[in-house]
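The values are calculated or read from the model by the stated rules, or taken from the named source; none is laboratory data. Just so it is clear, the structure is predicted and the values come from calculations on it, not from any experiment. So basically every Cβ, Gly included, is an ideal-geometry build from the backbone, and we count neighbours across all protein chains shown.
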């Protein structure tokens with residue numbers, strides 16, 4: 001299975017809602033989690049996911065992705081549940 005899954009968000013904000021399953025391309029993601037990837041911000045599979053994907057032929061996960069050319073607004077209430085280190089998770093080996 002090839003990851004990262006094909007998509008292009010150079011010019012789009014992207015929100016992902018992880019509904020259920022084993023989200024092997026990102027560590028620390030559990031059902032009910034929602035992530036925001038603003039326009040132009042690099043985000044790829046987490047460390048080890050590319051290697052692990054080489055032996056997989058399918059995935060067991062359901063997620064919904066919404067992309068928008070207009071920037072998303074984040075409500076103040078989201079700060080209470082924010083994963084504070086998520087934005088730096090790609091810099092960790």
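When residues in the range 35-62 are screened for being closer than 21 Å to residue 11 by Cβ and modelled with pLDDT of 80 or more, 6 of them pass. Right, residue 74: in a strand (DSSP E or B), over 16 Å from residue 91 (Cβ atoms) and free of Cβ contacts under 8 Å to residues at least 60 places away in the same chain or not? Taking the combined requirement at face value, the residue does not satisfy it.
Restricting the search to the range 29-39, which residues are without any contact (Cβ under 8 Å) to a residue 24 or more places away in the chain and surrounded by 13 or more Cβ atoms within 10 Å (Cβ to Cβ)?
Going through the range 29-39, the residues without any contact (Cβ under 8 Å) to a residue 24 or more places away in the chain turn out to be 29-32, 34.
Residues satisfying the conditions are 29, 31, 34.
So, residue 31, is that one in a loop (DSSP other than H, G, I, E, B) and at pLDDT 85 or above or not? Spelling it out, residue 31 is indeed in a loop (DSSP other than H, G, I, E, B) and at pLDDT 85 or above. For the range 13-28, residues that are surrounded by 18 or more Cβ atoms within 10 Å (Cβ to Cβ) and either assigned to a loop (DSSP other than H, G, I, E, B) or free of Cβ contacts under 8 Å to residues at least 24 places away in the same chain (or both) total 4.
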